[in-house]
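S.K.: Here it is, the structure, as structure tokens.
What follows draws every value from the coordinates through simple rules; no lab data is involved. What you see is a predicted model, and the numbers here were worked out from it, not measured in a lab. Here the Cβ is made from the backbone with ideal geometry for all residues, glycine too, and neighbour counts use every protein chain on show.
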There are 2 protein chains.
Amino acid sequence: MNYCSRCGGKITTAIPAGDDRPRHCCAACGAIHYENPKMVVGCIPEWQNRILLCRRAIEPRYGKWTLPAGYLENGERVSEGAIRELYEEAGARSAAVLPYALYDLTFVNQIYFFFRAHLATCEFAAGQESLDVRLFDEDQIPWDELAFQVVSETLKRYFEDRRAGTFTFHTGQIRRPTF
Amino acid sequence: MNYCSRCGGKITTAIPAGDDRPRHCCAACGAIHYENPKMVVGCIPEWQNRILLCRRAIEPRYGKWTLPAGYLENGERVSEGAIRELYEEAGARSAAVLPYALYDLTFVNQIYFFFRAHLATCEFAAGQESLDVRLFDEDQIPWDELAFQVVSETLKRYFEDRRAGTFTFHTGQIRRPTF
């Protein structure tokens, strides 16, 4: 951040009075520009025990498989965001979603929030950001071809819960990948 | 948003290619400045069946009672933010917190996320943003003097769950207050 989005003045980094951490401050108009984590909302779409995954048509992780998810938009409920992403990326509809898991990704200032989603029908189709969309049985999940660790963690938990016969709300943390 | 925080150019509102909603765009450098909801994280601090509430020393709702909560910071886990706010606003410590509820406040682009928090000790003290901090039995909760609807909804649910003997994760929506 170089310039003040309110007045166009130069931005400096300083700890404002009464605060305890550095912020982007405008010396000209006094505005403080706070930066906060963003929420990524998604779902685990299920149809007759199979899971719907999308193959990414965009970077990062082009060609890898993922759960439909994306940034929550202003004016949108968390559940609405997950339902919108399911439709945008996988062309699928869900009437009701159930909160399932929250993951902290502090290294990218993101919070992932996943719902369980039973599909309303068996219809689906690749959206603009997907190369392909397919239903997978548990033993067909392409574990080595999943796009992100948050996706593999979420799916692992999901299948564990499903085998145990009881779904509970999970929280977890994903750390910066080390290659 | 009037000026581009990257190059200082004038901001216009337009729907970028491949997008479906208006964004703040810079005609000079091409930057798109997305705006997304912010997370407010807090907890329901409990000590021997009593709930710790803070009386607000700041606007809005100066003098009203609230649960400790505030904006999640970059680099912080959701649970860490709730524990930090508990200490900053109420001078209290909790070793472990359990996810309890998520509320959508789309009219202010906020997501509230509350944890249940058992206090580590009975120590507490008003922080900079609190006039007073006190423990309340359920029948002493100042329902008519609570600061926000999200606080009264959360507490109502909490006492219902406690009476039922089982806490489950809740989601809900708070609509714009009408006076």
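S.K.: Label position 7 Å from Cα toward Cβ: report the copy-to-copy distances for B:ALA57 in nm, one decimal, ordered from shortest.
M.R.: The answer, with the shortest distance listed first, is 5.6 nm.
S.K.: Work out, in µm²/s and without decimals, the Stokes-Einstein translational diffusion coefficient of the protein assembly as shown at 20 °C, 1.002 mPa s, Rh from Kirkwood over C-alpha pairs.
M.R.: Values: Rh = 22.2 Å.
Translational diffusion coefficient: 97 µm²/s.
S.K.: Give a residue-ordered list of calculated ³J(HN,Hα) values for the stretch A:121-133 (Karplus: 6.51 cos²θ - 1.76 cosθ + 1.60, θ = phi - 60°; whole Hz; x for Gly, Pro).
M.R.: Those phi angles translate into 9, 8, 7, 7, 6, 4, x, 3, 9, 10, 7, 7, 9 Hz.
S.K.: I would also like to ask the following. How far apart are the B:ASP19 label points across copies, placing each 7 Å from Cα toward Cβ, in nm, shortest first?
M.R.: Between copies, matching label points for B:ASP19 lie 2.5 nm apart.
S.K.: Continuing with the same structure: Give me the lysines in straight-line cross-link reach of B:LYS156: C-alpha distance below 28 Å, same-chain residues under 8 apart excluded.
M.R.: B:LYS38, B:LYS64
S.K.: Normalised by the empirical 2.2 N^0.38 Å for globular proteins, what value does the Cα Rg of chain B take?
M.R.: In units of the 2.2 N^0.38 Å rule of thumb, it is 1.22.
S.K.: So how much slack lies between A:ASP19 and A:TRP143, counting 0.36 nm per residue of separation and subtracting their Cα-Cα distance, in nm? If you can, show how the numbers build up before the last one.
M.R.: Values: separation 124, 0.36 × 124 = 44.64 nm, distance 4.45 nm.
Between A:ASP19 and A:TRP143, full extension yields 40.2 nm more.
S.K.: What whole-number distance in Å separates the alpha-carbon centres of the stretch B:12-80 and the stretch B:117-173?
M.R.: Taking the Cα centre of the stretch B:117-173 as reference, the centre of the stretch B:12-80 is 20 Å away.
S.K.: Another one. Over the stretch B:71-134, what is the relative contact order in whole percent, taking alpha-carbon pairs under 8 Å and six or more residues apart?
M.R.: On the way: 89 pairs, mean separation 21.3, N = 64.
With pairs under 8 Å counted, the relative contact order is 33 percent.
S.K.: What list of ³J(HN,Hα) couplings, whole Hz, do you get for the stretch B:72-85 from phi and the Karplus terms 6.51, -1.76, 1.60, once you set θ to phi - 60° and write x for glycine and proline?
M.R.: The phi angles translate into 5, 9, 4, x, 10, 6, 4, 5, 5, x, 5, 5, 5, 5 Hz.
S.K.: Calculated from DSSP H runs of 4 or more alone, at -39500 (n - 2.57) each and per residue, what is the 222 nm mean residue ellipticity of chain B, nearest 500? Walk me through the numbers before you get to the answer.
M.R.: Values: 2 runs with 29 residues, N = 179.
So the helix-based figure for chain B works out to -5500 deg cm²/dmol.
S.K.: Say the dipole of the stretch A:30-179 comes from +1 at the beta carbon of Lys and Arg and -1 at that of Asp and Glu; which of A:SER94, A:HIS33, A:THR178 then lies farthest toward its positive end?
M.R.: A:THR178
S.K.: Run the numbers on chain A and let me know its relative contact order in percent, using alpha-carbon pairs under 8 Å that are six or more apart. Provide the component values of the computation, followed by the final result.
M.R.: Working: 355 pairs, mean separation 38.9, N = 179.
Here the relative contact order equals 22 percent.
S.K.: Counting only residues 5 or more places away or on other chains, whose amide H sits under 5 Å from the amide H of A:ALA92 once H atoms are built in the peptide plane?
M.R.: A:TYR87, A:ALA125
S.K.: Amide H neighbours of B:ALA31 under 5 Å, at least 5 residues apart or on other chains, H built in the peptide plane: list them.
M.R.: Amide H neighbours of B:ALA31, under 5 Å, 5+ apart: B:CYS26.
S.K.: Sort shortest first the distances from B:TYR71 to its counterpart in every other copy, using label points 7 Å along the Cα-to-beta-carbon line, and give them in nm.
M.R.: Between copies, matching label points for B:TYR71 lie 1.6 nm apart.
S.K.: Still on this structure, I have one more. Just to check I understand the Karplus step: with θ = phi - 60° and J = 6.51 cos²θ - 1.76 cosθ + 1.60, what whole-Hz values come out for the stretch B:97-113, glycine and proline as x?
M.R.: Calculated HN-Hα couplings, in order: 10, 10, x, 10, 7, 10, 10, 8, 10, 5, 5, 10, 6, 10, 10, 8, 10 Hz.
S.K.: Which Rg and Dmax, in Å, describe the Cα atoms of the stretch B:84-176?
M.R.: So, for the stretch B:84-176, Rg and Dmax equal 13.9, 37 Å respectively.
S.K.: Go ahead and run the numbers for FRET between B:LYS10 and A:HIS118, Cβ-Cβ distance against an R0 of 45 Å, rounding to 0.05. Each step should come with its number before you reach the end.
M.R.: On the way: r = 47 Å, r/R0 = 1.05.
Efficiency, rounded to the nearest 0.05: 0.40.
S.K.: Okay, next question. Treating only the Cβ atoms of Lys and Arg (+1) and Asp and Glu (-1) as charged, compute the dipole magnitude of the stretch A:38-173 about its Cα centre; round to the nearest 20 debye. Write down the numbers at each step before the final one.
M.R.: On the way: 15 positive and 20 negative charges, 31 e Å.
The calculation lands at about 140 debye.
S.K.: Still on this structure, I have one more. Based on DSSP, what percent of beta bridges with both residues in chain B are antiparallel, to the nearest 5?
M.R.: Percent antiparallel among DSSP bridges in chain B is about 65.
S.K.: Summarise the long-distance tail of P(r) for the stretch A:4-92 by giving the % of C-alpha pairs beyond 22 Å. Don't jump to the answer; show the numbers that get you there.
M.R.: Working: 2024 of 3916 pairs.
Across the stretch A:4-92, Cα pairs with separations above 22 Å total 52 percent.
S.K.: Here's another thing I want to ask about it. If you take every DSSP beta bridge whose two residues both sit in the protein assembly as shown, what share of them, in percent to the nearest 5, is antiparallel?
M.R.: Details: 58 of 86 bridges.
Antiparallel bridges make up about 65 percent of those DSSP assigns within the protein assembly as shown.
S.K.: Going by amide H atoms built from the backbone, whose H comes under 5 Å of the H on B:ILE11, apart from near neighbours?
M.R.: Here the answer is B:TYR3, B:CYS4, since their amide H atoms fall under 5 Å of that of B:ILE11.
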